[in-house]
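The values are calculated or read from the model by the stated rules, or taken from the named source; none is laboratory data. Keep in mind it's a predicted model, so treat the numbers as computed, not measured. Cβ coordinates were reconstructed from backbone atoms using ideal geometry, including for glycine residues, and neighbour counts include every protein chain displayed.
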Amino acid sequence: MPCRRQHARDRIVCPCHDVTEADIENAIHTGHTHPETIKRATAVYMGMCQGKYCAPLVQELLIRHGVEEPDHVRRPTVRVPLVPTPLGMFVDLRDDVEPDDLKSGEER
């Protein structure tokens, strides 16, 4: 089965984090059988697409390895933000606030 193993190393499941089919299979074989634990072990579902690309591929692998049933789809826990958010939305971009003022909670 060396050819099959090489295919698994070459097939990208999560292009956001370069996670391969072999990475997912290794996670399954080491006991990660829930999408949440696979997410923590491999970083799938955590890229820019937030699992939109990799979720069906991970589900396919879970079914193929007998971990999931085709009619029972589990997803990892979704945490806010629910959509990709520009970091600038979390930063106060006003010019009149000095870094030292932010530490003390004061504004000019």
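Descriptive notes on the structure:
- Single unsatisfied condition, PRO76 versus (1) of a type outside the set (Phe, Trp, Tyr); (2) loosely packed, with under 10 Cβ neighbours inside 10 Å; (3) touching a Lys or Arg at 6+ places or on another chain (Cβ under 6 Å): (2)
- The stretch 38-67: number of residues that are modelled with pLDDT of 90 or more and in contact with a Pro (Cβ under 7 Å, 6 or more places away or on another chain): 5
- Exactly one residue out of PRO84, PRO76, PRO70 is at pLDDT 75 or above, assigned to a loop (DSSP other than H, G, I, E, B) and in contact with a Pro (Cβ under 8 Å, 6 or more places away or on another chain), and it is PRO76.
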